[in-house]
Every structure is written in C-alpha cells, then in structure tokens.
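What follows is a set of notes on a single structure, which appears directly below.
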Amino acid sequence: MSKIRDDEIEEIKKLVEKEFPNDPALQQVHIARKVIAREAQLQGLSFIEYIKLLGKKVKHVS
C-alpha cells in the first residue's frame, strides 16, 4: 500500500498535466515516476535504492 497521501498524488497530477498538456501517455509516465520518487523519499531511500528494493520483493514473490 502506498504511503503517499491522495492529495499529494492529485497535486502531482496537476503539475504534470501543466508540464505536458497535450500528451496523456507522457503524463502517466511522469506521474508514476514522481509518485515512486515520493514513496522512496518517505522511506529515506533514493529513487534507485527504492526501485532495487521493489525488484528484490518481486523476485521473492515468484
């Protein structure tokens, strides 16, 4: 479960929509990236460290 608040996600969406107004696909990519970056920050990890941690979790589930 994501620890990022719904209002933070909405703010990210608004900022990204302004940044890429006519490209919904690019908006989705950047929204996801920013949400992941925020989740990493909340856990005290860098973006790369967080992605590696998620990758390890996926390997253990298989």
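Share of the chain's accessible area from carbon and sulfur, percent, 1.4 Å?
Carbon with sulfur: 58 percent of the solvent-accessible area.
What list of whole percents do you get for P(r) of the chain, with Cα-Cα distances grouped in 5 Å bins up to the one holding the largest distance?
Here the calculated profile for the chain is 4, 18, 22, 20, 18, 10, 5, 1.
Could you work out the local net charge near Gln43, counting Lys and Arg as +1, Asp and Glu as -1, over the other residues with Cβ closer than 12 Å to its Cβ?
Computed value for this residue: 0.
What does the accessible area per residue of the chain come to in Å², with a 1.4 Å probe and no ligands, DNA or RNA counted?
In whole numbers, the chain has 80 Å² accessible per residue.
Straight-line reach only, C-alpha to C-alpha below 29 angstrom: list the lysines that Lys52 could link to, leaving out same-chain residues fewer than 8 apart.
In chain and number order, the partners are Lys3, Lys13, Lys14, Lys34.
Hey, what did the chain get for relative contact order, percent, Cα under 8 Å, at least 6 apart? List each step's numbers first, then the result.
Working: 28 pairs, mean separation 18.2, N = 62.
Contact order relative to length: 29 percent.
So, in nm, how far is label Glu10 from label Phe47 when the simple model puts each one 7 Å beyond its Cα toward the Cβ?
Distance between label points: 2.6 nm.
Per DSSP helix of 4 or more residues, -39500 (n - 2.57); summed, then divided by the residues of the chain. What does that give at 222 nm, rounded to the nearest 500?
Numbers: 3 runs with 48 residues, N = 62.
The per-residue figure over the chain is -25500 deg cm²/dmol.
Using only Cα atoms, find the angle between the long axis of helix 47-61 and the longest principal axis of the chain, and express it within 0 to 90 degrees, rounded to the nearest 10.
The angle comes out near 50 degrees.
Along the Cα-to-Cβ line of Lys18, 7 Å from the Cα, sits a label point; which residues in segment 24-62 have backbone N less than 19 Å from it?
Under 19 Å, as judged by backbone N against the label point of Lys18, lie 24, 26-35, 38 of segment 24-62.
The values are calculated or read from the model by the stated rules, or taken from the named source; none is laboratory data. Bear in mind the structure is a predicted one, so any value in this text is a computation, not a measurement. Cβ atoms come from the backbone with ideal geometry, glycine included; neighbour counts cover every protein chain shown. To get the accessible areas, we keep the full protein, side chains included, count just its heavy atoms, and leave off ligands, DNA and RNA. Shrake-Rupley method; radii C 1.70, N 1.55, O 1.52, S 1.80 Å.
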